[in-house]
1. Kindly state, to the nearest 0.05, the FRET efficiency for residue 206 paired with residue 333, given R0 = 45 Å and r defined as their beta-carbon distance.
2. Provide, for q = 0.06, 0.09 Å⁻¹, the log10 of I(q)/I(0) from a solvent-free Debye sum over equal Cα point scatterers in the chain.
3. Multiplying the sequence separation of residue 72 and residue 531 by 0.36 nm and subtracting their Cα-Cα distance, what value in nm do you get?
4. Taking 2.2 N^0.38 Å as the expected size of a compact globular protein, what ratio does the Cα radius of gyration of the stretch 339-392 give against it, to two decimals?
5. Taking a point 7 angstrom from the Cα of residue 81 along the C-beta vector, which residues in the stretch 434-472 have backbone N less than 17 Å away?
6. Which distance in nm do the two modelled labels at residue 156 and residue 475 give, with both placed 7 Å along the Cα-to-Cβ direction?
7. Would you mind calculating the gained length between residue 445 and residue 306 on full extension (0.36 nm times residue separation, minus the Cα-Cα distance), in nm to one decimal?
8. Ratio of alpha-carbon Rg to the 2.2 N^0.38 Å globular estimate for the stretch 358-455, to two decimals, please.
């Protein structure tokens, strides 16, 4: 029985277990909602009861409930920028608002009944909305052979719910890109060919790409505490700029998710189908691998959030290992009973809010370790882990809407890699030739910084900075940065004395400034100015990139190419 059929059966059985209650679609990642919630999460003064910020995306019902709670606290009129954020959450989820609904029109009796949707229709037992999608930007890169750059995305998004019991979401985008040189180099730095954050693509004007972006899922809710979701999309687990657990860095994937929420607890089960690493070529069926992930999050106190993570990536002959469908179990124990053929991870994450202005957060992921080797401090290759620490500071130094964030990420050599004797498909932590955690893969130190300032409710400035030092593999060596090679004591460069950054040591500086104008709900006019420098200690390569890009983005999330 195929994995897809098994998932479909699980979904149908889950929906028939009990009467369905209010369900909700989810807010697409990298949209303005997450910036607004980030601020409120700290300014609110205690943990938000309606959802857990380390498990993204958020569902719209929970955001609507939180919006209603904020309105009851009479926080308006302190600052028109704050009022703008309140209204944004209300306008973005009208189907889940009652007395707080903000109607706009309609225009010509058809368009913009609500400001968040070009067209919408509703009755006593249904709600439907449709929106166009546009991301059109032109850019220029100094010194590039292809100096004119282009992003051209057109599409449509639809969302629907029936009696607030069954919901659906569909997104389809058609894209052409002529991207900056550093993006093209990143795609080809000793790793397998891929399109950043996407899947299948075709060549476009020699150096560009042409591809579709499909997303879609159905949602339902049982017992008023368990949300089910089945579809094709991405997830992000964590409170940082990056995630060391599970990020939206790679292409979308098939999944079934069950999220259980009660009291101060949120427990998520995620079962996925990934595409194994491959070489581009003729049309063919690509090999599959599978993932099973748990994340338990609890509001331990009014200021402290703690989470536990475990995950398995497995390879079989295009079938899911049924043992991992158990929703409450320790995966490592199951994996050992099966003969230890799979790639197992455990992790811890936390978030602590202070003084309604600051937040400290972090993650610790453990791939493989040996206590005796750790105590020996001898750089054993298989002591594999990743660490994240970060801090957010909102209304910094008493300046309203000046928000700062600094984050440090470290990944030891060979973390996320895998080797299983006798198997040609490796259970490494990748999907469609891309990492499903950090975009750099492994064997790096990284510091990130973001500064944001809202001049007016609709005009904002952003400054992003990245510094990273990573030891890259070369054509004939495996120092631990690439996740794709088979990795064991016989294939690594040295069993002991391994250090983070070993190999072809590359240093990256990347700065990017953005000015953004928001004249209409989810419509943005943006101008980006960036500089990136990468130099290699071993190959003596030095890349210096300056770029400028501006355009309009409408009803679609931001793309991030900070790497």
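1. Computed FRET efficiency for residue 206 and residue 333: 0.30.
2. The Debye formula, applied to the Cα set alone, gives -0.29, -0.69.
3. 160.7 nm
4. Expressed relative to 2.2 N^0.38 Å, the Cα Rg reads 1.55.
5. 450-464
6. It works out to 4.9 nm between the two label points.
7. 47.6 nm
8. Here the answer is 1.44, to two decimals.
Each value in this text was obtained by applying a stated rule to the coordinates, not by laboratory testing. Since we're looking at a predicted model, the values are computed, not measured. Ideal geometry is used to build each Cβ from the backbone, glycine not excepted, and the neighbour counts take in all protein chains shown.
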